[in-house]
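Coordinate-derived values only; no laboratory data. All of these numbers come straight from a predicted model, not from anything done at the bench.
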Amino acid sequence: GYVRPLKDSLEKMDQQLQGVERVRQEAYGNLQAQVSTLSERAGNLTNALRTPHVRGRWGEAQLRNVVEYAGMIEHCDFVAQATTSTEESTLRPDLVVRIPGGKHVVVDAKAPLAAYLDAFETSDDAERELHLTNHARQVREHVTKLSAKGYWRQFEPSPDFVVMFLPDESYLRVAHEKDPGLQEYAWSSNVILASPSTLIAMLRTVAMTWQQETVAESAREVSELGRE
């Protein structure tokens, strides 16, 4: 009399366990599919960034995001408005930031990324370190090129430096780690290295200056009306 109920209970438990296992497998399958999709998207981004014009568009998009976040859109001119010609070539910074007093800050977002991307496509630690060292070297070489271009001589009046924008925090951090003298070299070359966070800080400082300029201008207008 006790065997039948026990057998029934065991069969029900077995069915429940099979159901739980089926749900687990389905969930695991969904998770695998999601991970695979994310990996594919990350891989697609990495591959896409190897194409210069795609990398350029991505850098410009990151730059525009920073400008919008800093609330500086009305005081910034993107590449279409900022082309000037010299005897040697056509200079095309990615951004010109207007600051009070009729001055400008020029921003270049064409930093090299190829070696950095190579570093994370290998499982060999020594090879990765070599690529990261090459990344730092390429960033230093780009600083030299920017310094030689002399953007600041083309946008009068403008301060005597150009901002070199790297569109991800890690690009700049790794370059500093592999080349501790990079920042000092950039400063001596009239180039400021900027990641998104440091560029946001700079643009917000400029935005505050514009606000103070607006307040000062309003005060001048009120004073003139009072005299009248």
Original post:
Given H placed 1.01 Å from N in the peptide plane, which residues other than close sequence neighbours of Ile192 have an amide H under 5 Å from its amide H?
Top reply: Val162, Val163, Met164
**OP:** Please list, or write none, the lysines whose alpha carbon is within less than 20 Å of the alpha carbon of Lys149, excluding same-chain residues fewer than 8 places away.
**Re:** Lys103, Lys110
Original post:
Taking amide H positions as placed 1.01 Å from N in the peptide plane, with prolines and chain starts having none, which residues 5 or more places from Ile99, or on another chain, fall under 5 Å of its amide H?
Top reply: His104, Val105
